[in-house]
Structures are given as structure tokens and as C-alpha cells.
Amino acid sequence: MHIIKLKNGHTLSIENDTKKLRLIVYINGVENVCRKSTKKELSSFIQSNEDQLFKGRLQLIKDEVGISIWVKGKNEGEISTADLLNYLQIAQ
């Protein structure tokens, strides 16, 4: 499990879930939203020209600075693409 601090008490956790990864956003330690994805899908998004992954309550939006974590229509933080790639390589 990898935990990334966002803003306003939000954290992003990347956890293994059988053959997929589970991306979970917590608010003050309480699970708020989650999304399951494969490591391949996340890696492809990071390396592609696409600027958005997922629709719905949890979205990842990429720009020239990094990847913004959007929860229910609000930007709750960012992570660099390099950091996210490192987390994915560590994840089993």
C-alpha cells in the first residue's frame, strides 16, 4: 500500500486487489471514493497523450505539471507522473 498526501485532509492510497490496483481517496482516514484499475491501464495513461482517466466521482487529469486527483468535481491534489510511475513499479 502506498499513501500520497493530497490537500484538505485527503490522501490517495494505491492498494493491490487481486489482479488489479485499487485507488482510494480518504478524507481524514475515512474512505470517500475508490476506483479499480490495472497497472497496465494506469501506465498507458501516464505515457499517452490522453489527458483524463476515469469518469465519475474519481478522476485523474494529466497536465504538463503532473496528474491532478479530482474527487466529486473538485481538485484535491496532484502527484507527479514520475512519482505515480514509481508507485506502479513497486506495486505487485
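Expressed as a whole percent, the accessible area of the chain that falls on carbon and sulfur atoms is 47 (1.4 Å probe).
What the phi angles of the range 52-61 give under the Karplus curve with 6.51, -1.76 and 1.60, with θ = phi - 60°, is a coupling list of 8, 10, 6, 10, x, 6, 10, 10, 10, 10 Hz, glycine and proline written as x.
Structural descriptor for the range 10-92: relative contact order 19 percent, calculated from alpha carbon pairs under 8 angstrom and at least 6 residues apart.
Mind checking the per residue accessible area of the chain for me, 1.4 Å probe, whole number of Å²?
Computed with neighbouring chains in place, this is 61 Å² per residue.
Close amide H partners of VAL33, meaning residues 5 or more places away or on another chain with modelled amide H under 5 Å apart, are VAL25.
Lysine pairs in the range 2-90 8 or more apart or on different chains: how many have alpha carbons under 17 angstrom apart? Within the range 2-90, the lysine pair count is 17. Across the chain, counting alpha-carbon atoms alone, Rg and Dmax equal 12.0, 33 Å.
Tell me the net charge near ARG35. Cut-off is 13 Å between Cβ atoms, ARG35 excluded, with +1 for each Lys or Arg and -1 for each Asp or Glu.
Summing Lys and Arg as +1 and Asp and Glu as -1 gives +2.
The values are calculated or read from the model by the stated rules, or taken from the named source; none is laboratory data. Nothing here was measured: the structure is a model prediction, and the numbers come from that model. As a convention, Cβ positions derive from the backbone with ideal geometry for all residues, glycine included, and neighbour counts pool all protein chains shown. What goes into the accessible areas is simple: the full protein's heavy atoms, side chains included, and nothing from ligands, DNA or RNA. Shrake-Rupley method; radii C 1.70, N 1.55, O 1.52, S 1.80 Å.
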